[in-house]
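Q: Have a look at this one.
The values are calculated or read from the model by the stated rules, or taken from the named source; none is laboratory data. Just so we're clear, the structure is a prediction, and the values are computed from it rather than from any experiment. With ideal geometry, Cβ positions are generated from the backbone for all residues, glycine too; neighbour counts draw on all protein chains shown. The area values use the complete protein model at the heavy-atom level, side chains included, leaving out ligands, DNA and RNA. Shrake-Rupley method; radii C 1.70, N 1.55, O 1.52, S 1.80 Å.
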Amino acid sequence: MYAIAFLAGLAAIKTGIEYNSKGPNYYVRLGVSRDSNPLEIKRAYKKLSLQLHPDKNPSPDASDQFDSVKQAYDILMDLELRGVYNKFGSPGIASNKRFDETQFFVELAVFYLTWGMMVFVLTLGKKSGDARQWVFTGMIVMLVLEIAIMTSQENPLPSWLFPQTTEYEAVWLMHSLFPAFMNGCRSLGAFLYVDLEAQTRHLLLALQEQNKDVLLVLRDVQIGVQSILANGSGGGNTSVGTRSSPSMASGNVSAPLLRATPTGKIREIQERLQSSNAHVVKAVSELKADGKSSSSFGFYAFILAYVLFSFLFNR
């Protein structure tokens, strides 16, 4: 669980830094929502232009602030450029990009096939079986959302949910958080994984040793009983016609009874069973310790994989 919390915190910090480095989008600059009409945008621009005009703004970067607001106003007032900005962001405006369905699905296939192969490789092994299903389910959901967002004429997100967020930013956010989601699923899968085969193997070995001890004790009991019966029958033959024999009175027959009484043998069985149970408990404890050590190793492996993939895909 510590690995999951660490990865979540790391992803939140990394995504927040990258988002802030991009600067506010045009809607945030003008203080309007993505559903604002041209009249509302014009009113917001007029208000801000009076405040940020270099003649009235004493700030050293007043000119840059005014140009930033003017640029946002020019883009959002042009319906065609506004649609390009919503889908592709500032890079789309700079490259004069337009939505091409063929190119979009090719880029989509490259991204998801690449990550799909990486997920398959990184989730090999018994411990990652459930995690693979979770990650692929998340990829399918993300794919459906991305297609719905990018192919719709209007932003399908409800207006009350991040009202100033564009389609480009929503897709970017999903792509940025996916590596953390994948490694979080791997950490959770490793934490919840129970190796039933290893547990069964340890318990069977412990039970086998326990059965051996029980069989040895039962054999000793059988030999002792046979010895008692043999001594008892022999004493009976020497004392035929008498009420008691001198040998029995002197305690010669009671000597084996003291050495192999039923109570003593039962106590011995209990002691050996308790010792065997201690071995079973020890085997289970060692199994849990092995799981914790492997989980700690996976914790550092997840961190390294997250940093590596983030570096490769952000170049």
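Q: Roughly how many Å² of LYS46 are accessible to a 1.4 Å probe, to the nearest 10?
A: Rounded to the nearest 10, that gives 140 Å².
Q: When Lys and Arg each count +1 and Asp and Glu each count -1, what net charge do the other residues less than 10 Å away from LEU157, Cβ to Cβ, add up to?
A: Numbers: positive: ARG34; negative: GLU154, GLU167.
My count for the surroundings of LEU157 gives -1.
Q: I've got another one for you. Note down the accessible area of ILE13, probe 1.4 Å, to the nearest 10 Å².
A: We get 110 Å² for ILE13.
Q: I'd like the distance between the alpha-carbon centres of region 179-206 and region 22-66, rounded to an integer number of Å.
A: Region 179-206 and region 22-66 have Cα centres separated by 55 Å.
Q: Give the whole-number value, in cubic angstrom per residue, of the convex hull volume spanned by the C-alpha atoms of region 1-121. List each step's numbers first, then the result.
A: Numbers: hull volume 19.7 nm³, N = 121.
In region 1-121, the Cα hull volume divided by residue count equals 163 Å³.
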